[in-house]
Amino acid sequence: MDKTNLDTLDNEIIRLLTENGRMPIGEMAKKLKVTSPTIRNRIKDLEKNGIFKVSGLIDPGKHREMITALVAMSVQSHGQLDKILDKIARLPNVVWAGVVTGRYDIIAEVVCVTGKDELYRFTTDTILKMGNVVRSETFLIMKSRDNWLCLPKGLEEI
């Protein structure tokens, strides 16, 4: 994967949109002292290059039944860790997954909108039936600050 260097303007645009994803282009242009077409083109380039994406976020602490957890997994990869990571990242309920250092191989952030039964199904049925996960440990997020989440694809109805 190629990495792109972002300049100060790119970083400032991303910062402003992180604070307020609905900020008008004209307002950003004024704040950053550039033209509106410059802002539009920069955002378009960032999206086209896969660096930036505008998305709706939810505060899990304000959703009555929503549970978020980190699920740490030890896997038998047989040299296929990237493929297993991709498979886990595409599972329903998974917001993101990453290869980590330490006693586990992969950690995934998991969102369950209908509560603990959904998390139980994910940790027992879904990941264990993949065949590569030999052990997992689930860390339930009890309380967090500034933890805005994208809802992953494949979730049960909210």
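Each value in this text was obtained by applying a stated rule to the coordinates, not by laboratory testing. Keep in mind it's a predicted model, so treat the numbers as computed, not measured. Glycine also receives a Cβ, built like all others from the backbone with ideal geometry; neighbour counts cover every protein chain displayed.
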Discussion item. Taking the alpha-carbon distance from LYS44 and a cut-off under 20 Å, which lysines remain once sequence neighbours fewer than 8 residues away in the same chain are dropped?
Written reply: LYS3, LYS30, LYS31, LYS33, LYS53
Response to the item:
As straight-line cross-link partners of LYS129, the qualifying lysines (C-alpha separation under 28 Å, not fewer than 8 residues apart within one chain) are LYS83, LYS87, LYS116, LYS153
Worksheet item: If you find the alpha carbon centre of segment 1-50 and of segment 67-114, how far apart are they in angstrom?
Response: 31 Å
Worksheet item: Kirkwood Rh, Cα Rg: Rg to Rh for segment 1-67?
Response: 1.08
Discussion item. Sort 89-98, 103-112, 39-48 by the packing proxy (mean of other Cβ within 10 Å over each peptide's residues), most packed first.
Written reply: 103-112, 89-98, 39-48
Worksheet, complete the sentence: Taking the square root of 5λ for each eigenvalue of the C-alpha gyration tensor of segment 52-158, the equivalent ellipsoid has semi-axes, largest first and in whole angstrom, of 23, 15, 13
Worksheet item: Counting alpha carbon pairs within less than 8 Å and at least 6 residues apart, what relative contact order, in whole percent, applies to segment 4-104?
Response: 15 percent
